[in-house]
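Below: the structure, in structure tokens.
The values are calculated or read from the model by the stated rules, or taken from the named source; none is laboratory data. Worth saying up front: this structure is predicted, and the values here are computed from it rather than measured. Cβ atoms come from the backbone with ideal geometry, glycine included; neighbour counts cover every protein chain shown. These accessible areas exclude ligands, DNA and RNA; they are computed on the full protein's heavy atoms, side chains included. Shrake-Rupley method; radii C 1.70, N 1.55, O 1.52, S 1.80 Å.
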Amino acid sequence: MKKLLPLLAFMFPTLVFAQWRIGTNVGATYNHFTADKHYMIDYDYKDRWGLGLGVMGQYDVTDWLGVRAELNFMQKNHTVQRSQVSMQYKYTNNYLVLPVMASFSFGGQKLRGFCNLGVYGGYWLSSHREGIDYNSFQNLSYGFSEKMDIDSDHDQRLDCGLLGGIGMEYRFAKKWGAQVEVRYYYSVTSVEKEYMRVKDPKYNSTLALQAGVMYFF
């Protein structure tokens, strides 16, 4: 019993403070696509903006530590262009992403800063591309827009990696708050499977700028 008392004394403030919150977020993504060019030296990969939105839930264990999970729709877009011919492809890639994070916060009662650190898993939902291509036989350029088929033999639909973010939170009412956050997703999974003798890994690194509102229970 004597050994149990210090444990209860430690846990009681935590249990008293424990609080749930739910919310939504919306924002923009800026994706950086990395590929090994091998012999394709005239190919140039460009970063591209996209859309992000989702829902979140967080359990605050103390006033400075919480556990947060989200379900987000994210676009990881990029552009490919060639310097020697008139060719430019704009890729729009839609992902469903589940981040799980530890959330550390600091500051006052109304205005607080926070830092999120964790991991995520994702699934590549769909892909679309548009732009300009070049026909060498007819020596002309033409525009196009098409849905891309995701090949289960070549393309890796599962995505996972690490993430970190910093932001500010403002409690504008007793049960309501707002957040803004800058977050970085670092993928450790190539978007292409190893199906060729020459390895051709391609990775996404995504910066997310998001704002959201939350309800505190």
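Structure notes:
- Answer from 205, 152, 187 - the residue that is over 17 Å from residue 76 (Cα atoms) and polar (S, T, N, Q): 152
- Pick from the range 179-217, criterion polar (S, T, N, Q) and in a strand (DSSP E or B), ranking: nearest to residue 33 (Cα to Cα): 204
- Within the range 16-35, if we keep just the residues that are of a type in the set (A, V, I, L, M) and open to solvent by less than 70 Å² (accessible area, probe 1.4 Å), the residue that is nearest to residue 95 (Cα to Cα) turns out to be 28.
- Residue in the range 127-137 that is under 17 Å from the mean Cα position of the chain (by Cα), open to solvent by less than 80 Å² (accessible area, probe 1.4 Å) and among the charged types (D, E, K, R) present: no
- Here 77, 94, 116, 72 are screened, and the one residue that is in contact with a His (Cβ under 9 Å, 6 or more places away or on another chain) and open to solvent by less than 40 Å² (accessible area, probe 1.4 Å) is 94.
- Selected residue (criterion: nearest to residue 113 (Cα to Cα)) from residues of the range 43-56 that are open to solvent by less than 20 Å² (accessible area, probe 1.4 Å) and in contact with a Lys or Arg (Cβ under 7 Å, 6 or more places away or on another chain): 56
- Qualifying residue in the range 60-70 (condition: at pLDDT below 95 and farther than 25 Å from residue 169 by Cβ): no
- Candidates are the residues of the range 161-178 that are open to solvent by 60 Å² or more (accessible area, probe 1.4 Å) and part of a strand (DSSP E or B); the one that is nearest to residue 86 (Cα to Cα) is 162.
- Reported count of residues in the range 147-167, each being of a type in the set (A, V, I, L, M, F, W, C) and more than 19 Å from residue 99 (Cα to Cα), is 2.
- Among (1) in contact (Cβ under 8 Å) with a residue 60 or more places away in the chain; (2) closer than 22 Å to residue 53 by Cβ; (3) surrounded by 15 or more Cβ atoms within 10 Å (Cβ to Cβ) - the single one residue 203 does not satisfy: (2)
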